[in-house]
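Written out below as C-alpha cells is the structure these notes cover.
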Amino acid sequence: MNSAETPESRPSKMGPGRERIAEPDIARAAALIADASRARILKALGDGRAVPSSLLAAEAGISAATVSGHLRKLVDAGLVIVERQGRHRYHRLAGPDVCMALEALAVIAPPAPIASLRDSSRANALSRSRTCYDHLAGRLGVGVMQAMLRLGFLIGHDGLHRADRAVRDHSASYGHDFDYRLTESGRAGLSVLGVDVDRLPPRRPVVRYCVDWSEQRHHLAGALGAALTERLFELGWIRAGSTPRIVHLTDVGATGLKEHFGLSDC
C-alpha cells in the first residue's frame, strides 16, 4: 500500500471491476435548500438564465455580502455554477435537474403565507405562466401542449397526468411513462413560426415532457420546448415578468396563439 493511501481513501470494491457507488447525500442537499434565502436564490435561477449576484440579493431580500456566502455554499455543493464575463460574475443552476427538484418540492410544500397583494399576485402569476428552466410551464405551458396534441403536432398521449395510473411519473418531474413524438405536420406548423426542428441541439432529446406541479398535466420540455419558448420571446408573444420565472402573455401573443394553435383560454 502507498504510504499516503489509507483504506478509506482507496476506491471500495464490490467485486472484480465493480466500484461501490456512494448513496446520494439527500440530507446535505435538503439542508442547503432548507435555508429560506438560499431557496429564494434557487427559485430566482429557475428559468435557467445566468443572473448577477446583485439581482439575486434583491430577490432574496439580503445584502450583497450575505448572498455571496450563500452562493459559495450552493456552488460548492454543485447546485449552482459560476460564469465569468470580463470582471463580472453570473450564476446559473447547474442543470435542469436542480429545477425539477424544486418543482417536486413545490408539490409537498405547504403554501407560503400571503402577507400582501404582491404575494398573492405573484402566486397567481406563477400558476398562470412561468418558465420551468428553459421552457414554458403553468396554465400557458400545458395549454400550448394540449393545443399541439389537438392539432396533431404531437402524438403519444393525451397530456393528462393520472397519479393513480402512473408508473414512473411523479407530480413534478420529467416524465418517463409516455413517448411523445413530433409529427410531420408538427414540423411544418412550427416551421411557420420560425422553429427549425433540424437545427435543434443534437445531444438533447427533441421532445420531452414534465408533469406540471400546479396543473397536474404535461407541458413540453426538451430541445423543442426550449426552442419554442425562445421563439415566443423573440416574437414578442411572451415577455419576462418583473421577477424571475414569471412570464406574461402579450396582446400580440394572445392573438398569435389563437391564430396558430387555436388557443384562446390561457
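The values are calculated or read from the model by the stated rules, or taken from the named source; none is laboratory data. Since this is a predicted model, take the numbers as computed values, not measurements. Positions of Cβ are backbone-derived with ideal geometry, glycine not excepted, and every protein chain shown enters the neighbour counts. Quick note on the areas: whole protein, heavy atoms, side chains included, nothing else; ligands and nucleic acids left out. Shrake-Rupley method; radii C 1.70, N 1.55, O 1.52, S 1.80 Å.
Residues in segment 152-172 that are farther than 18 Å from VAL107 by Cα and touching a residue at least 12 places away in the same chain (Cβ under 8 Å): GLY152, PHE153, LEU154, ILE155, GLY156, HIS157, GLY159.
If the condition is being open to solvent by 40 Å² or more (accessible area, probe 1.4 Å), under 11 Å from the mean Cα position of the chain (by Cα) and within 21 Å of ARG28 (Cβ to Cβ), then segment 39-63 contributes only LYS43. Taking the criterion of being among the basic types (Lys, Arg) and in contact with a Lys or Arg (Cβ under 6 Å, 6 or more places away or on another chain), the only residue of segment 206-249 that qualifies is ARG245. Filtering ASP177, ASP169 for residues that are in contact with a Lys or Arg (Cβ under 8 Å, 6 or more places away or on another chain) and among the charged types (D, E, K, R) leaves a single hit, ASP177.
Criterion first (of a type in the set (A, V, I, L, M, F, W, C) and farther than 24 Å from ALA101 by Cβ) does LEU190 satisfy it?
Values: of a type in the set (A, V, I, L, M, F, W, C): yes; farther than 24 Å from ALA101 by Cβ: yes.
Criteria met by LEU190.
Only one of the numbered conditions (1) open to solvent by 60 Å² or more (accessible area, probe 1.4 Å); (2) of a type in the set (Gly, Ala, Ser); (3) modelled with pLDDT of 85 or more; (4) out of contact with any Ser or Thr (no Cβ under 9 Å at 6 or more places or on another chain) is not met by ALA29, and that is (1). Against the numbered list (1) touching a His at 6+ places or on another chain (Cβ under 6 Å); (2) among the aliphatic types (A, V, I, L, M); (3) not in a helix (DSSP H, G or I), VAL142 comes up short only at (3).
Got at least one residue in segment 202-224 being in a helix (DSSP H, G or I), in contact with a helix residue (DSSP H, G or I) (Cβ under 9 Å, 6 or more places away or on another chain), aliphatic (A, V, I, L, M) and over 17 Å from GLY143 (Cα atoms)? First the steps, then the outcome.
So in segment 202-224, the residues in a helix (DSSP H, G or I) come out as 222-224.
With the extra rule that they be in contact with a helix residue (DSSP H, G or I) (Cβ under 9 Å, 6 or more places away or on another chain), the set shrinks to 223-224.
Now narrow it down to the ones that are aliphatic (A, V, I, L, M): 223-224.
Imposing the further condition that a residue be over 17 Å from GLY143 (Cα atoms) reduces the set to 223.
Yes, some residue in segment 202-224 is in a helix (DSSP H, G or I), in contact with a helix residue (DSSP H, G or I) (Cβ under 9 Å, 6 or more places away or on another chain), aliphatic (A, V, I, L, M) and over 17 Å from GLY143 (Cα atoms).
Scanning segment 164-190 for residues being open to solvent by 70 Å² or more (accessible area, probe 1.4 Å) and either closer than 28 Å to ARG128 by Cβ or part of a loop (DSSP other than H, G, I, E, B) (or both) gives a total of 8. None of HIS91, HIS70 is assigned to a helix (DSSP H, G or I) and at pLDDT 90 or above except HIS70. How many of the residues in segment 67-91 are touching a residue at least 24 places away in the same chain (Cβ under 8 Å), in contact with a helix residue (DSSP H, G or I) (Cβ under 7 Å, 6 or more places away or on another chain) and open to solvent by less than 60 Å² (accessible area, probe 1.4 Å)? Residues in segment 67-91 being touching a residue at least 24 places away in the same chain (Cβ under 8 Å), in contact with a helix residue (DSSP H, G or I) (Cβ under 7 Å, 6 or more places away or on another chain) and open to solvent by less than 60 Å² (accessible area, probe 1.4 Å): 8 in total. Within segment 198-236, the set of residues being open to solvent by 30 Å² or more (accessible area, probe 1.4 Å) and in contact (Cβ under 8 Å) with a residue 60 or more places away in the chain comprises TRP213, SER214, GLU215, ARG217, GLU230.
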